[in-house]
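Peer 1: Take a look at this one; I'll ask things after.
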Amino acid sequence: MAKKKNKHSPAYLHLQRHFRSYKKSVITLSQNSSFSRPVEMRLSNQLGAIECLYWQALGNGEQLLAQGIRRFIEKAKAHFNIAGL
């Protein structure tokens, strides 16, 4: 049986790996029971990094990945009541 070729570009895989890492970090921070100032700062830092990944995915022509990232950003903003980010 022939090995299945990967359909995704190296840029897609690279961005996807970073997105999964940041997403996991945001979920871990959101489960923290005490939202202290340092936790809020780390959370906003992670969401900002995810926002950058969104624009990089769009710039590299990876619309499906960008849509998934955008959906996550919108859900995170709604969950944390973030309006201006």
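Peer 1: Output the 0 to 90 degree angle, nearest 10, between the alpha-carbon long axis of helix 10-30 and the longest principal axis computed from the alpha carbons of the chain.
Peer 2: Compared with the principal axis, the helix lies near 20 degrees.
Peer 1: Hey, for a label at N45 modelled as a point 7 Å past Cα toward Cβ, could you say which residues of region 56-85 have their backbone N under 13 Å away?
Peer 2: none
Peer 1: Within region 28-85, list the chymotrypsin sites (Phe, Trp or Tyr not before Pro) lying in a DSSP loop whose Cβ has at most 10 other Cβ atoms in a 10 Å radius.
Peer 2: In loop regions of region 28-85 (DSSP not H, G, I, E or B), there are no sparsely surrounded chymotrypsin sites (Phe, Trp or Tyr not before Pro).
Peer 1: The chain: Rg/Rh from Cα coordinates, Kirkwood Rh?
Peer 2: Details: Rg = 14.9 Å, Rh = 13.9 Å.
Rg/Rh for the chain comes to 1.07.
Peer 1: Assigning unit charges at the beta carbon (Lys, Arg +1; Asp, Glu -1) and nothing else, what dipole magnitude in debye, to the nearest 20, does the chain show about its Cα centre?
Peer 2: Details: 14 positive and 4 negative charges, 99 e Å.
It comes to approximately 480 debye.
Peer 1: For the chain, what is the accessible area per residue in Å² when the probe is 1.4 Å? Display every interim value, and only then the final one.
Peer 2: On the way: 6250 Å² over 85 residues.
On a per-residue basis, the chain sits at 74 Å².
Peer 1: For region 43-85, which whole percent of the accessible surface, found with a 1.4 angstrom probe, sits on carbon and sulfur atoms? Display every interim value, and only then the final one.
Peer 2: Values: 1350 of 2540 Å².
After summing per-atom areas, the C and S share lands at 53 percent.
Peer 1: Let me ask another. To the nearest whole percent, what portion of all C-alpha pairs in region 40-85 is separated by more than 12 angstrom?
Peer 2: Details: 619 of 1035 pairs.
Tail fraction, whole percent: 60.
Peer 1: To the nearest 10 degrees, how steep is helix 37-59 against the longest Cα principal axis of the chain, on a 0 to 90 scale?
Peer 2: Relative to the chain, helix 37-59 is tipped by roughly 30 degrees.
The values are calculated or read from the model by the stated rules, or taken from the named source; none is laboratory data. None of these values were measured; they are calculated from a predicted model. No Cβ is skipped: glycine too gets one built from the backbone with ideal geometry, and neighbour counts run over all protein chains shown. Please note that ligands, DNA and RNA were not included when accessible areas were found on the heavy atoms of the full protein model with its side chains. Shrake-Rupley method; radii C 1.70, N 1.55, O 1.52, S 1.80 Å.
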